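Taking it in order: structure first as structure tokens, then the write-up.
The values are calculated or read from the model by the stated rules, or taken from the named source; none is laboratory data. If you're wondering where the values come from, they're calculated on a predicted model, not measured in any experiment. All Cβ positions, even for glycine, are placed from backbone atoms using ideal geometry, and neighbour counts span all protein chains on display.
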Amino acid sequence: MSGPTSDVAQSGRLVFRGRGIVPGRAEGEALVSHETISGWGGIDPATGTIIERRHELCGVCFTGKVLVFPGAKGSSGWSGFFQATRLLGTAPLAMVFTHLTTKAALGAIVTRVPTVTDFADDDPVAGIQTGDRVEVDGDTGLVIVHGRLPRA
Amino acid sequence: MVALTDEEKAMRDGRDGDAVAAAMDLLVRYADALGAEHLCETRNVAGTNTQPSPAKTKLFEEGGWSKAFAVISLDCDDDIEVPPMKVPTCQLQHGFGEDARGIMPYSERAIELQADAESFYSSKGVNILATCTPYQVGNLPTYGEHIAWMESSAVVYANSVLGARTNCEGGASTGAASLTGRIPCWGNHLVENRYGTHLIESGVRIDGFQDWGMFGYFVGDVVQEARPVVTGELGQPDLADLKHFGAAAASSGGVEMYHIPGRTPDAPTLEAAFGGAALPEPVRYGAAERRAVYESLNSIGDSEDVDFVLIGCPHATLEQIGRVARALDGRTLSPGSELWVMTPRALRAVADRNGWTATIERAGGRVLTDSCPAMSRVAPAGTEVFATDSAKQAHYLPAILGIEAWFGTTEECVDAAVTGRWRGSLAPAEVVR
């Protein structure tokens, strides 16, 4: 696999080129899940946390974060549970996911946060790490990593 | 951009009122997100509106069920009047209803709110089937029919066993489909996306309810969201067997479509299941894999003191209810044990009529409708260890309620309710190759 294609441009930014599916722009701290996420039975909309017992992020809150994950799994209640995070004020700030399904697409729309998917070359789940400062532009389909934590 | 017909443009532009316009707006945003080229017509929607979640209750208190429908089912913040459903629409499983009153720690307020929601949605034309198995009680799609369904176990049954075509839809897409008769023509609606991707070959004989469920749990774990084709020494499955197989595969993985050559309608032959493409290397399911599935489903069990038995996930067939009644006939549940059989209300009426309900109730068990412990997040007060014959319920309920689980045959579960002890064990595999 090649490194992040894209313009590791002059500034040293990483840019992932995808397709915006919910418009708008947001910038914030990334929360990266390497595993797919369940809605029903997987998150608690009241607190905005992942509750699936065997999940790598069990107990972690995604509210106000740029949620970077491979995709949705589990019940058809996925979109309704993420919509409930919006209604209860615990939604993520933006979504970036790689595997497009009906659950994840509808979920992003009803969560009403800038969302980018369908990445041509590089995998943002592998290239972004939790804590990175990330800009998600749902209009242009660009996901830009502005500042990153020092790598271990 | 999705291409709309003149009829769809008229709906989007408000010819049929604000609610229909909002529904079409949501479908266009959804279709564009998926990359769908057009919408398909549907006259069969299975969604979920009536269960009062915390977010829905809040909206109801602000502006009634119209407000809740607009926001949750159409993603629309405007004050709109909800018109009658344009196409036949049914309510899937929801929360517990009045038959739960007084027998479990479930809120009276939730029962009342749901009854009120039922009245509202019934008046808009929604059929309150109140089951995860609409195909058992009045909504049986035909081969090739484009439908818009939620509920992963029903979606995989409709696609695979019935040959209908649906994606795994959600609350907003089914809400919009009910008012427009449209859904994005994408994914499982297109023939080229329905062929098999993986070949799973069983080296042990698959026959009977438990083995079909365990095989499904294995298959889902292997293929995740892909489309398995399963072969081997397979007995003739009945409705309950395939209901269990699909629900299990949609729990350990996200299977929405599978083929059993010679059994399911899109796969008259193995070659047809793969659309004539080269067959992939088979993945083998043998005695060791079967044992591993059994142990995984029983890994949450520790205490052998069972206080709750759950049958009917997905909702039981008449034959499953009869099987429980026969196993319970003349026996009495252990003091402090509960046994619930979940089934659609229409089938409960038949079970009442032919005496199965009476047999189960005489023993101390219950036949309940509308919901299940996982949907309503409730079990009998004080439950610490439960047993079930459903791989799906064994997969989900321990996480949802924080209780231990045992998985076994229907008869082992009934015995556990009668004795209060789990004594299940895996019958030896019949190895055929």
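Quick notes
- Flag if A:G20 is surrounded by 21 or more Cβ atoms within 10 Å (Cβ to Cβ), touching a helix residue (DSSP H, G or I) at 6+ places or on another chain (Cβ under 8 Å) and at the interface with chain B (Cβ under 10 Å from one of its Cβ atoms): no
- Of the residues making up the stretch B:36-50, those that are within 11 Å of another protein chain (Cβ to nearest Cβ) and either closer than 17 Å to B:G187 by Cβ or free of Cβ contacts under 8 Å to residues at least 12 places away in the same chain (or both) are B:A36, B:A46.
- Residue tally, condition more than 7 Å from chain A (Cβ to nearest Cβ) and farther than 19 Å from B:P141 by Cα, over the stretch B:166-178: 1
- Residue in the stretch A:32-43 that is crowded, with 17+ Cβ neighbours inside 10 Å, modelled with pLDDT of 95 or more and more than 14 Å from chain B (Cβ to nearest Cβ) present: yes
- Residue within the stretch B:197-204 that is at pLDDT below 95 and farther than 30 Å from B:C76 by Cα present: no
- Within the stretch B:131-150, not a single residue is small (G, A, S), assigned to a helix (DSSP H, G or I) and within 24 Å of B:M375 (Cα to Cα).
Rundown of residues vs (1) on the phi > 0 side of the Ramachandran plot; (2) surrounded by 22 or more Cβ atoms within 10 Å (Cβ to Cβ), yes/no style:
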residue: B:R43; (1), (2): no, no
residue: B:G64; (1), (2): yes, no
residue: B:K67; (1), (2): no, no
residue: B:V87; (1), (2): no, no
residue: B:F96; (1), (2): no, yes
residue: B:P105; (1), (2): no, no
residue: B:R109; (1), (2): no, no
residue: B:S119; (1), (2): no, no
residue: B:A130; (1), (2): yes, yes
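- Yes/no for B:T269 being surrounded by fewer than 15 Cβ atoms within 10 Å (Cβ to Cβ) and away from every other protein chain (no Cβ under 14 Å): yes
- Of the numbered criteria (1) over 12 Å from the mean Cα position of the chain (by Cα); (2) farther than 26 Å from B:E256 by Cα, the one A:L93 fails is (1).
- Matching residues, the stretch B:165-203, being among the aliphatic types (A, V, I, L, M) and crowded, with 24+ Cβ neighbours inside 10 Å: B:A172, B:A176, B:A177, B:L179, B:I183
- Among all residues of the stretch B:286-301, there is at least one that is in contact with a strand residue (DSSP E or B) (Cβ under 6 Å, 6 or more places away or on another chain), in contact (Cβ under 8 Å) with a residue 40 or more places away in the chain, in a loop (DSSP other than H, G, I, E, B) and not small (G, A, S).
- Number of residues in the stretch B:132-142 that are of a type in the set (S, T, N, Q) and exposed (fewer than 14 other Cβ atoms within 10 Å of the Cβ) equals 1.
- Test: B:L92 is under 16 Å from B:G171 (Cα atoms), within 12 Å of chain A (Cβ to nearest Cβ) and in contact with a Lys or Arg (Cβ under 7 Å, 6 or more places away or on another chain): no
- Among the residues of the stretch B:154-161, some residue qualifies, meaning at least one is in contact (Cβ under 8 Å) with a residue 12 or more places away in the chain and within 10 Å of chain A (Cβ to nearest Cβ).
- Entry remark, the stretch A:27-52: residues being of a type outside the set (A, V, I, L, M, F, W, C) and either over 14 Å from A:F81 (Cα atoms) or not in a loop (DSSP other than H, G, I, E, B) (or both) number 10 in total.
- Inter-residue pairs, beta-carbon under 7 Å, first away from chain A (no Cβ under 11 Å) and in the stretch B:15-35, second surrounded by fewer than 23 Cβ atoms within 10 Å (Cβ to Cβ) and not in a loop (DSSP other than H, G, I, E, B), 6+ apart: B:A21/B:R12; B:M24/B:E8; B:M24/B:R12
- Cβ-Cβ under 6 Å pairs, at least 6 apart or on other chains, the stretch B:115-132 side not assigned by TED's automatic domain parsing to the domain that holds B:M375, far side of a type in the set (D, E) and surrounded by 19 or more Cβ atoms within 10 Å (Cβ to Cβ): B:I128/B:E118; B:A130/B:D370; B:C132/B:E151
- Matching entry among B:A379, B:A349 (being over 15 Å from the mean Cα position of the chain (by Cα), within 16 Å of B:I103 (Cβ to Cβ) and at pLDDT 95 or above): B:A379
Conditions tested, residue by residue: (1) free of Cβ contacts under 8 Å to residues at least 40 places away in the same chain; (2) in contact with a Pro (Cβ under 7 Å, 6 or more places away or on another chain); (3) more than 28 Å from B:A23 (Cα to Cα).
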{"site": "A:V22", "(1), (2), (3)": "no, yes, no"}
{"site": "A:R53", "(1), (2), (3)": "yes, no, yes"}
{"site": "A:K65", "(1), (2), (3)": "yes, yes, yes"}
{"site": "A:G80", "(1), (2), (3)": "no, no, no"}
{"site": "A:V113", "(1), (2), (3)": "no, yes, no"}
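- Among the residues of the stretch A:130-143, not a single one is in contact with a Phe, Trp or Tyr (Cβ under 7 Å, 6 or more places away or on another chain) and acidic (D, E).
- Pair list, Cβ < 6 Å and 6+ apart or interchain, from the stretch B:412-433 residues that are not assigned by TED's automatic domain parsing to the domain that holds B:T332 to residues that are loosely packed, with under 12 Cβ neighbours inside 10 Å and part of a helix (DSSP H, G or I): none
- The residue list B:D370, B:D329 contains one member that is at negative phi and not assigned by TED's automatic domain parsing to the domain that holds B:F218, which is B:D329.
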